[in-house]
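Remarks on the structure that follows.
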Amino acid sequence: TKKIVIAIDGFSSCGKSTFAKAIAKRLNYLYIDSGAMYRAVTLEFLRSGLIKDGKVDTSRVDEILKNINISFSYDSDRKEYLTTLNGEVVESEIRSPEVANNVSLVAAIPEVRTRLVELQRELGKEKGIVMDGRDIGTVVFPNAELKIFMTADPLVRAQRRLKELQAKGVDISLDEVLSNIQERDYLDQNREVAPLRKADDAVILDNTNMTVDDQMNWVENLVKSVT
Ligand code: C5P
């Protein structure tokens, strides 16, 4: 069967990465988490003191972007790729509430998007990849053979995310998680550059009442139809 590019976009905390990883595993494809790249840039901006009171100091954006190196290193124990920022594994740092609260702000900066899209296309040069994000089917890989747009009820998404965060020992309430999700949805859909929207040729997957297995059964036929 031929190898394809699978683009998965959708709202925050829809389970995109869980789903994308499961597909990649099943097909023996490479999985790339584009959100992790925006999160890593956000972490660097925070560390450099560029974000204050919900505003980004854009005067040093070019300088920071020039010196930033984001890659994915394979961890054979965890059997996953870990996000690396300038040689440091930052997988857990980029999942912090502080990064989550600021990432949509950073992701709206045109220079940041140009740089990361370039990197994403480079990583996806060889077919046989699953990439998830917000603009993968619309901007990064408009010719992807299979595009999926994921959505789910916001409250269900908040409950799922809360469970995950609590399991990691993060102290946060359902309300806080829900409002972060709603704020990110709003910012992602309403930004000027590459806003979150369904590509015309994307298939919608609403997983409010679906398990990962349900979703895998659903996607299997789709994959067969295009490979
Ligand atoms: O997917 P994840 O929730 O980790 O993404 C974090 C944030 O990164 C999103 O809320 C969005 O602002 C930004 N993002 C983006 N474009 C992508 C992936 C993520 O703007 N392709």
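The values are calculated or read from the model by the stated rules, or taken from the named source; none is laboratory data. Bear in mind the structure is a predicted one, so any value in this text is a computation, not a measurement. All Cβ positions, glycine included, derive from the backbone under ideal geometry; neighbour counts span all protein chains shown. All accessible areas refer to the heavy atoms of the entire protein, side chains included, with ligands and DNA or RNA removed. Shrake-Rupley method; radii C 1.70, N 1.55, O 1.52, S 1.80 Å.
Tell me which residues, restricted to region 192-227, are farther than 23 Å from residue 155 by Cα, within 15 Å of the ligand (Cβ to nearest atom) and surrounded by 12 or more Cβ atoms within 10 Å (Cβ to Cβ). Listed by number, the residues that qualify are 193, 194, 199, 202. Residue under question is residue 135, and the condition is that it be within 13 Å of the ligand (Cβ to nearest atom), out of contact with any strand residue (DSSP E or B) (no Cβ under 6 Å at 6 or more places or on another chain) and at pLDDT 95 or above; does it hold? Criteria met by residue 135. Inspect region 77-96 for any residue being touching a Gly at 6+ places or on another chain (Cβ under 6 Å), of a type in the set (A, V, I, L, M) and open to solvent by less than 20 Å² (accessible area, probe 1.4 Å) and give the result as yes or no. Among the residues of region 77-96, not one is touching a Gly at 6+ places or on another chain (Cβ under 6 Å), of a type in the set (A, V, I, L, M) and open to solvent by less than 20 Å² (accessible area, probe 1.4 Å), which makes the answer no. Summed over region 22-42, residues that are away from the ligand (no atom under 16 Å from the Cβ) and buried (at least 23 other Cβ atoms within 10 Å of the Cβ) total 0. Any residue at all in region 102-114 that is under 27 Å from residue 159 (Cβ atoms) and among the acidic types (Asp, Glu)? Among the residues of region 102-114, not one is under 27 Å from residue 159 (Cβ atoms) and among the acidic types (Asp, Glu), which makes the answer no. Residues that are touching a strand residue (DSSP E or B) at 6+ places or on another chain (Cβ under 7 Å) and either basic (Lys, Arg) or closer than 16 Å to residue 14 by Cβ (or both) within region 32-44 comprise 33, 34, 35, 36, listed in sequence order. So is residue 53 open to solvent by less than 50 Å² (accessible area, probe 1.4 Å), out of contact with any helix residue (DSSP H, G or I) (no Cβ under 9 Å at 6 or more places or on another chain) and at pLDDT below 95 or not? No. Contact annotation: residue pairs with Cβ atoms under 9 Å, 6 or more positions apart or on different chains, pairing a residue in region 16-42 that is within 13 Å of residue 6 (Cβ to Cβ) and part of a strand (DSSP E or B) with a partner that is within 8 Å of the ligand (Cβ to nearest atom) and of a type outside the set (A, V, I, L, M), are 31/17; 31/132; 32/120; 32/132; 32/133.
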